[in-house]
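**Student:** I'd like to ask some things about the structure below.
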Amino acid sequence: MIMPGNPVWLAAARDRKQDSLDKIVIKGGMPLSGEVQISGAKNSALPLLFATLLAEGQSTICNVPDLRDINTAVKLLCELGADASRVEGCVRVDAHRIESIEASYDLVKTMRASVLVLGPLLARFGHARVSLPGGCAIGARPIDQHLKGFEALGAEITLDHGYVEARADKLVGAKINFDMPTVGGTENLLMAAALAEGETVLENAAREPEIVQLSEALNSMGARIEGAGTAVIHIQGVERLQPLSCDVISDRIEAGTFMVAAAVTGGNVLIRGAVRAHQEALISKLVEAGVSIEEEDDGLRVIGPQTLRAVDIRTSVFPGFPTDMQAQFMALMTRAEGSSRISETVFENRFMHVCELQRMGAEILIDGNSAVIRGVEQMTGAPVMATDLRASASLILAGLAAENTTEVSRIYHLDRGYEKIEKKLAALGANIWREQES
Ligand code: UD1
């Protein structure tokens, strides 16, 4: 039970307050300049936090960003009975005493990544119950591949009253061929197979840097995983794992968002913590668009051109162009000379930002899973509404480059995934601030 006054309760109360009250105001037109430090990756921190459930004892994860999704994950760990709290940039989790094996609808509906408790709970306790996430703003997003994997390891899966329940006396290694490379599915199966008996082989696995970090973290706990970062991962199950101690890698999507911010404003920004190997697809498209990118000791310097060129992109799994950068890249292309085509192949409903960009003067036509963007000379500020996390970032980028004032409301989406974005942009010279909705 989380009592009022407890830090987890206070963070949740702050999140609820922001839900209704905050908006971001931008007066566009300032080229960004200076340096920005990228935070730890949300999408790496979440599976690492849930991986702590695999071991008895106290784990410590550092460089954890201060985000709404992280607060939700900490809350979920507490509800399961773990003793989890944030101490400055770190989260300490003592998962010695777990009292519940259930992730409720209330938590899963606010953060789909809650389904990542299935693998660790099933592996350690032989039983897990998690609300089915259902659809979300960017598409249907089923978890059938996670469940197919658990079944292959010997779990019995039942669906009941909107919950999925997994049970197994013991998990036994198996060969699992995913229908598509799924990030969450690969992570869930890595965690379950780490404690299964014998060898598990994951084929057609996702190759994202977050998968590599999770595998390295599990290996540091005593797991035996080889091949992470390739399409085939071998896991030799072990009997038990030690608590985890690690630092979260830097957020490649936050870094990419700042790269586009520098480019769209014609700025010159050193993005500290940006890792070239995590950004190859984005870098190659930015360079094609006329942006200059130089590698420096601890990051990437991005210099925006006078005139941007239109380029086409097609989202795909890593190392392809990330779907999580599609909306931001579209904001960039609204200002480019010529027409570009952006095709979304990962999620079926990820063009919610288009209508809002159109309100700011963008010329965009949707054609099936593609958007055709004809660059305009100047976008104009307008009140717009954030619809999901990356769409929110795209509206802020458009606002930075637009004439006059843009007001982005419903920014609780933004607070799920960007740490102090308005403060970081303001430090680079942007005219941007957070306000309470009147
Ligand atoms: C993760 C990221 C998200 C990113 C996405 C794709 C986290 C917390 N979230 O989400 O930011 O946009 O990767 O890079 O890391 N699919 C199925 N069945 C399944 C699983 C997935 O059909 O069982 C489909 C999905 O609907 C989607 C595609 O596979 O079309 C990829 O999804 P997946 O990689 O699993 O995304 P997430 O792990 O949910």
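The values are calculated or read from the model by the stated rules, or taken from the named source; none is laboratory data. This one's a predicted model, so the numbers in the text were calculated from it and none came from an experiment. Heads up, the Cβs are rebuilt from the backbone with ideal geometry, glycines too, and the neighbour counts pull from every protein chain shown. Side chains are part of the model used for accessible areas, which takes the heavy atoms of the whole protein and leaves out ligands, DNA and RNA. Shrake-Rupley method; radii C 1.70, N 1.55, O 1.52, S 1.80 Å.
**Student:** Can you work out the PRE-style zone for residue 230? Point 7 Å along Cα to Cβ, and I want the residues of the stretch 169-202 with backbone N under 20 Å.
**Tutor:** The answer is 174-183, 186-187, 189-191, 193-194, 199-202.
**Student:** Per residue, what accessible area does the stretch 343-438 have, given a 1.4 Å probe and all protein chains present, in Å²? Numbers along the way, then the final one.
**Tutor:** Working: 4020 Å² over 96 residues.
With all protein chains present, the stretch 343-438 gives 42 Å² per residue.
**Student:** I've got another one for you. Tell me the chymotrypsin sites (Phe, Trp or Tyr not before Pro) within the stretch 307-366 that lie in a loop according to DSSP and have at most 12 other beta-carbon atoms within 10 Å. If you can, show how the numbers build up before the last one.
**Tutor:** Numbers: sites: 329, 347, 351; in loops: 347, 351.
Nothing satisfies the criteria.
**Student:** Helix 209-220 versus the longest principal axis of the chain: what is the Cα-based angle in degrees, 0 to 90, to the nearest 10?
**Tutor:** 30 degrees
**Student:** Let me ask something else about it. Rounded to the nearest 0.05, what FRET efficiency do residue 151 and residue 106 give with R0 = 35 Å and r taken as the Cβ-Cβ distance? Could you check?
**Tutor:** Values: r = 27 Å, r/R0 = 0.77.
After rounding to 0.05, the efficiency reads 0.85.
**Student:** Note the angle between two axes, namely the Cα long axis of helix 389-401 and the longest principal axis of the Cα atoms of the chain, as a number of degrees from 0 to 90, rounded to the nearest 10.
**Tutor:** Helix 389-401 sits roughly 20 degrees off the main axis of the chain.
**Student:** Rank 23, 109, 175, 285 by accessible area, highest first, at a 1.4 Å probe radius? Each step should come with its number before you reach the end.
**Tutor:** Numbers: 23 20, 109 115, 175 145, 285 45 Å².
Descending order: 175, 109, 285, 23.
**Student:** If r is the Cβ-Cβ distance from residue 203 to residue 405 and R0 is 60 Å, what FRET efficiency results, to the nearest 0.05? Please list the in-between numbers first.
**Tutor:** Numbers: r = 52 Å, r/R0 = 0.86.
Computed FRET efficiency for residue 203 and residue 405 comes out at 0.70.
**Student:** May I pose another question? Past 30 Å, Cα to Cα, is the threshold; run 75/423; 75/285; 27/75; 27/109; 109/285; 23/75 against it and keep the listed order.
**Tutor:** Details: 75/423 26 Å; 75/285 39 Å; 27/75 36 Å; 27/109 34 Å; 109/285 34 Å; 23/75 25 Å.
With Cα atoms farther than 30 Å apart: 75/285; 27/75; 27/109; 109/285.
**Student:** Can you work out the PRE-style zone for residue 86? Point 7 Å along Cα to Cβ, and I want the residues of the stretch 36-61 with backbone N under 19 Å.
**Tutor:** Correct set: 37-52, 59-61.
**Student:** Still on this structure, I have one more. Got a sec? What order do 434, 309 fall in by accessible area at 1.4 Å, biggest, i.e. largest, first? All intermediate terms of the calculation are to be shown ahead of the outcome.
**Tutor:** Numbers: 434 75, 309 130 Å².
From most accessible down to least: 309, 434.
**Student:** Of all the accessible heavy-atom surface of the stretch 42-247, with the other protein chains kept in place and a 1.4 Å probe, what percent is carbon and sulfur?
**Tutor:** Details: 3540 of 7890 Å².
Within the stretch 42-247, the accessible surface is 45 percent carbon and sulfur.
**Student:** Okay, next question. Roughly how compact is the stretch 299-372, stated as its Cα Rg over 2.2 N^0.38 Å to two decimals?
**Tutor:** 1.11
**Student:** Would you work out if the stretch 42-247 is rounded, prolate or oblate? Take a ≥ b ≥ c from the square roots of the eigenvalues of the alpha-carbon gyration tensor; rounded if a/c is under 1.5, else prolate when a/b is larger than b/c, oblate otherwise. Let's see the in-between values first.
**Tutor:** On the way: a/c = 1.29, a/b = 1.11, b/c = 1.16.
Rounded is the answer for the stretch 42-247, as its axis ratio a/c remains below 1.5.
**Student:** Could you give the nm distance between label points at residue 37 and residue 163, where each point is 7 Å from its Cα heading toward the beta carbon?
**Tutor:** Placing both labels 7 Å along Cα→Cβ, they lie 4.3 nm apart.
**Student:** Along the Cα-to-C-beta direction of residue 314, a point sits 7 Å from the Cα; which residues of the stretch 325-355 have their amide N less than 17 Å from that point?
**Tutor:** It comes to 326, 340-348, nothing else.
**Student:** Using only helices, what value at 222 nm comes out for the chain when you add -39,500 (n - 2.57) per DSSP H run of length 4 or more and divide by the total residues, to the nearest 500 deg cm²/dmol?
**Tutor:** That comes out to -10000 deg cm²/dmol.
**Student:** For the Cα atoms of the chain, what angle does the longest principal axis make with the long axis of helix 183-194, in degrees from 0 to 90, nearest 10?
**Tutor:** With rounding to tens, the tilt is 20 degrees.
**Student:** While we're here: Given 25 °C and 0.890 mPa s, compute D for the chain with the Stokes-Einstein relation, Rh being the Kirkwood radius over Cα pairs; round to the nearest whole µm²/s.
**Tutor:** Working: Rh = 22.1 Å.
Estimated via Stokes-Einstein, D reaches 111 µm²/s.
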